[in-house]
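A short write-up of the structure that comes next.
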Amino acid sequence: MKSKEKTPANPPADGVLLASVPQHVAIIMDGNGRWAQARGLPRLAGHRAGTENLRRVIEACAEFGVRYLTIYAFSTENWGRPEDEVSGLMNLFDDVFDRELAELHRQGARLIHIGRLDGVRPKMVAKIRKGEEHTRDNKRLTLCVAFNYGGRDEIVCAIQKMLTEGVQPEDVTDELVSQYLFTAGIPDPDLVIRTSGEMRTSNFLIWQSAYAEWVFPEVFWPDFGREELLKALKEYARRERRFGLVPTTG
Ligand code: FPP
C-alpha cells in the first residue's frame, strides 16, 4: 500500500511543530554491540540498553504523531550469531514481552508481529500472539515488531502462498503482492532510519521501502533518543518525495 500524501502538520508537542510527519517510521536499531564494546561491556549489555531505549522512542513517536512504527528486532540471518548472543537475545525478548506489554497497552499502542514464527520457541510464540490479541483494538500507534524477519524470505513466502492459492499470472500486480506480504494492510514506510552510521538495507522491508526516505544518524541505537528522532523527522520534513515523478514547481 503506498502513502503518497504527506501527513498534515501535527499538533505541537512540547513546542515542536513539524511541517509534515511520516505516517510510518521504520527503524534498523543498529549499533548495540559497538555501544557496549566502547564501554568495555559484553554485547548483550548493549542489547539491554537498546531495549530500554525502545520505550523512549515508542513514546516519542506517539508524541510526534507517527501512526506506525516498525522495528527490526531480529532478522532471519541473526540466528547465525554466536550461540550465547542468540540465547541472550531470546531471553531478553521474553523479559521485554512480560515487562512492557502492559505499558504498551497503557500508551494505546497495538502490537503486530511480522516475520516467521516457525523455529521460534513455543513459549515466545504464545507471548507474541497474546500481545497481539491484548492490544488489537488500540489505535494511537501500531508497533510492528520484525522478529525472525527477512525481506527476501517474506517475498518467497508471498510467492509460495500465491502459487498454493492458484493466483493466475495476469492477476499478479504490485497491490496483490503487497497483500501477500507479512505487512498486508500496513502502509509502506515513509521514513526508514538506520542508526550507527551503517548504510545498508540488510534485508529490511525491501519491497515496502521502495520509495521511503532514508536517514542514517551517526549514533548507536542506545543513544538514539527523542532529540535524535526529532532531527530525523525534521530531515524528513525537508525532503521532497517524488515517487519517480518530476519535481513540483511553484
Ligand atoms: C543490532 O545491533 C541489533 C540487534 C540485532 C538486536 C536489536 C534488538 C533490540 C534493541 C531489542 C529489542 C527488543 C524487542 C522485544 C523488540 P548489533 O548487535 O548488530 O550492533 P553492532 O552492529 O554494533 O554489532
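The values are calculated or read from the model by the stated rules, or taken from the named source; none is laboratory data. Only a predicted model underlies this, so the values are computations on that prediction, with no experimental measurement involved. All Cβ positions, even for glycine, are placed from backbone atoms using ideal geometry, and neighbour counts span all protein chains on display. Keep in mind that these areas ignore ligands, DNA and RNA; they rest on the heavy atoms of the full protein, side chains included. Shrake-Rupley method; radii C 1.70, N 1.55, O 1.52, S 1.80 Å.
Note down all Cβ pairs under 9 Å where the first residue falls in the range 161-184 and is in contact (Cβ under 8 Å) with a residue 12 or more places away in the chain, the second is buried (at least 16 other Cβ atoms within 10 Å of the Cβ) and of a type in the set (Lys, Arg), and they're at least six residues apart or on different chains.
Hits for this filter: Phe182/Arg116.
Which of the residues spanning the range 119-169 are of a type in the set (Asp, Glu) and open to solvent by 100 Å² or more (accessible area, probe 1.4 Å)?
Glu133, Asp137, Glu165
In the set Val96, Val125, which member is near the ligand (Cβ under 10 Å from one of its atoms) and outside any loop (DSSP other than H, G, I, E, B)? Let's see the steps before the verdict.
On the way: Val125 fails: near the ligand (Cβ under 10 Å from one of its atoms).
Selected residue: Val96, the only one of Val96, Val125 that is near the ligand (Cβ under 10 Å from one of its atoms) and outside any loop (DSSP other than H, G, I, E, B).
Where in the range 132-250 are there strands (runs of 3 or more DSSP E), lying fully within it, with 2 or more residues that are within 19 Å of the chain's Cα centre (by Cα) and within 16 Å of the ligand (Cβ to nearest atom)?
Values: elements: 141-149, 191-194, 213-215.
It comes to 141-149, 191-194.
Of the residues that sit in the range 44-75 and are over 14 Å from Pro222 (Cβ atoms) and over 15 Å from the mean Cα position of the chain (by Cα), which one is surrounded by the fewest Cβ atoms within 10 Å (Cβ to Cβ)?
Looking at the filtered set, the residue picked out is Glu63.
Could you tell me how many of the residues in the range 71-93 are touching a Leu at 6+ places or on another chain (Cβ under 7 Å) and more than 9 Å from the ligand (Cβ to nearest atom)?
1
Would the range 114-121 turn up any residue that is away from the ligand (no atom under 14 Å from the Cβ), over 18 Å from the mean Cα position of the chain (by Cα) and in contact (Cβ under 8 Å) with a residue 24 or more places away in the chain? Reasoning before the result, please.
First, the residues of the range 114-121 that are away from the ligand (no atom under 14 Å from the Cβ): 116-119.
Add one more test, that the residue is over 18 Å from the mean Cα position of the chain (by Cα), and what stays is 118-119.
Filter once more, so that each one left must be in contact (Cβ under 8 Å) with a residue 24 or more places away in the chain: 119.
There is at least one residue in the range 114-121 that is away from the ligand (no atom under 14 Å from the Cβ), over 18 Å from the mean Cα position of the chain (by Cα) and in contact (Cβ under 8 Å) with a residue 24 or more places away in the chain.
Check whether at least one residue in the range 23-45 is in a loop (DSSP other than H, G, I, E, B), modelled with pLDDT of 90 or more and away from the ligand (no atom under 15 Å from the Cβ), and report yes or no.
Going residue by residue through the range 23-45, those that are in a loop (DSSP other than H, G, I, E, B) are 23, 29-31, 38-42.
This time we only want the ones that are modelled with pLDDT of 90 or more, so: 23, 29-31, 38-42.
Of the ones still in play, those that are also away from the ligand (no atom under 15 Å from the Cβ) are 23.
Yes, the range 23-45 contains at least one residue that is in a loop (DSSP other than H, G, I, E, B), modelled with pLDDT of 90 or more and away from the ligand (no atom under 15 Å from the Cβ).
Regarding Thr173, is this residue out of contact with any helix residue (DSSP H, G or I) (no Cβ under 8 Å at 6 or more places or on another chain), among the β-branched types (Val, Ile, Thr) and either at pLDDT 95 or above or within 24 Å of Glu59 (Cα to Cα) (or both)? Even if it seems obvious, please write down each step before you answer.
Numbers: out of contact with any helix residue (DSSP H, G or I) (no Cβ under 8 Å at 6 or more places or on another chain): yes; among the β-branched types (Val, Ile, Thr): yes; either at pLDDT 95 or above or within 24 Å of Glu59 (Cα to Cα) (or both): yes.
So Thr173 passes the test.
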